[in-house]
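Step one of this worksheet: look at the structure below.
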Amino acid sequence: MGATETLLQVEGLTKSYDGSSKALEGVSFSMNRGEFVSLIGSSGAGKSTLLRCINRLIDPTCGSVVFDGWETSSARGRALREIRRRMAMVFQGYNLVYRSTAIENVLQGRLGYKNSLMGALSIFTEEEKRAAFDALDRVGLGCCAYMRADQLSGGQKQRVGIARALVQDPLLILADEPIASLDPKSSRTVMEHLRWAADERGIACLVSLHQVEYALEFSDRIIAVSGGKLVFDGAPDDLTPSIIASVYGEEDPSSSTAECC
Ligand SMILES: Nc1ncnc2c1ncn2[C@@H]1O[C@H](COP(=O)(O)OP(=O)(O)OP(=O)(O)O)[C@@H](O)[C@H]1O
Ligand SMILES: [Mg+2]
């Protein structure tokens with residue numbers, strides 16, 4: 001394990017699903033420990049593909065991902081399990097077990113630390129159960145621990161997803177459009193919890209978003225992809241309206257030279 005500032009180094013990452021067209025092409029960037037980075041880009045730009053390549057839900061076609069000193073693209077077996085338990089995922093669709101309670105869902109975040117028998121029997125230590133209750137409390141859901149996940153609102157389900165990520169004791173949270181299905185108030189709450197994870201727990205967060213205003217407000221840094229390529233990597237203040245327009249393939253109204261007739 002590395003102890004440097006840099007947590008994640010992505011170099012020349014390319015992914016082709018069909019062997020010809022490229023969903024990602026030569027993407028390079030790095031992230032520091034505890035850094036909050038938003039990933040923006042229009043639909044089909046390659047955001048989910050990038051997140052999935054980083055945690056090896058899918059294999060990149062070429063390029064490298066070094067996470068906490070581990071080369072993930074060639075990791076197998078024990079090394080891959082170690083990498084995956086230090087990278088937690090938060091999904092737009094929550095990925096909860098709906099017939100299970102909130103607390104049971106949070107405890108799922110510990111499964112990467114169990115052998116398969118203990119996992120299958122859901123055997124968790126007292127310390128793990130305490131940590132799961134603390135995490136639920138942290139996201140304001142201590143009162144809902146024994147409610148079935150399907151009885152929770154969308155915002156509450158996403159907060160259970162974040163609590164599950166927290167008990168995984170990750171170095172990095174990869175969140176794929178965590179607020180895309182939520183109303184503005186729940187969206188803000190979810191973003192605040194992720195920001196808290198970065199600030200107070202030192203967990204780096206890479207969060208894909210369609211809402212540029214949240215990216216500008218919550219991020220240390222923003223990266224943007226367009227047509228599978230990295231087209232911006234910088235501070236929120238440097239993401240100008242014309243860059244935003246080009247990321248989303250729109251004409252920048254401020255630079256328009258077209259004359260009215
Ligand atoms: N499993 C797959 N098989 C084949 N092509 C895929 C697959 N997943 C994604 N793609 C293609 O890869 C490209 C990037 O898709 P991706 O899902 O990464 O985009 P995205 O930025 O996450 O979009 P969205 O904002 O709609 O979620 C798209 O052209 C998409 O059609
Ligand atoms: Mg996506």
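The values are calculated or read from the model by the stated rules, or taken from the named source; none is laboratory data. Please read these numbers as outputs of a predicted model, since none were measured by experiment. Positions of Cβ are backbone-derived with ideal geometry, glycine not excepted, and every protein chain shown enters the neighbour counts. Accessible surface areas use protein heavy atoms only, side chains included; no ligands, DNA or RNA. Shrake-Rupley method; radii C 1.70, N 1.55, O 1.52, S 1.80 Å.
Residues that are in contact with a Ser or Thr (Cβ under 8 Å, 6 or more places away or on another chain), more than 14 Å from ligand 1 (Cβ to nearest atom) and farther than 23 Å from Arg81 by Cα within the range 13-37 comprise Gly26, Phe36, Val37, listed in sequence order.
Evaluating Pro184 against the criteria (1) without any contact (Cβ under 8 Å) to a residue 12 or more places away in the chain; (2) buried (at least 18 other Cβ atoms within 10 Å of the Cβ) leaves one unmet condition, (2). Restricting Arg159, Arg110, Arg81 to residues that are assigned to a helix (DSSP H, G or I), among the charged types (D, E, K, R) and touching a residue at least 40 places away in the same chain (Cβ under 8 Å) narrows the list to Arg110. Within the range 119-156, the residues that satisfy the criterion of being part of a loop (DSSP other than H, G, I, E, B) and touching a residue at least 40 places away in the same chain (Cβ under 8 Å) are Val139, Gly140, Ala145, Tyr146, Met147, Leu152.
Could you list, in sequence order, all residues of the range 142-172 that are acidic (Asp, Glu) and more than 17 Å from Arg130 (Cα to Cα)? Can you show your working first?
Our first condition is that a residue be acidic (Asp, Glu); within the range 142-172, this holds for 150, 169.
If the condition is that a residue be acidic (Asp, Glu) and more than 17 Å from Arg130 (Cα to Cα), then Asp150 is the only one that fits.
Annotation: of all residues in the range 38-57 being surrounded by fewer than 22 Cβ atoms within 10 Å (Cβ to Cβ) and either away from ligand 1 (no atom under 14 Å from the Cβ) or basic (Lys, Arg) (or both), the one that is farthest from the chain's Cα centre (by Cα) is Arg56. For the range 90-107, what are the residues that are open to solvent by 70 Å² or more (accessible area, probe 1.4 Å) and assigned to a helix (DSSP H, G or I)? Answer for the range 90-107, where residues must be open to solvent by 70 Å² or more (accessible area, probe 1.4 Å) and assigned to a helix (DSSP H, G or I): just Glu104.
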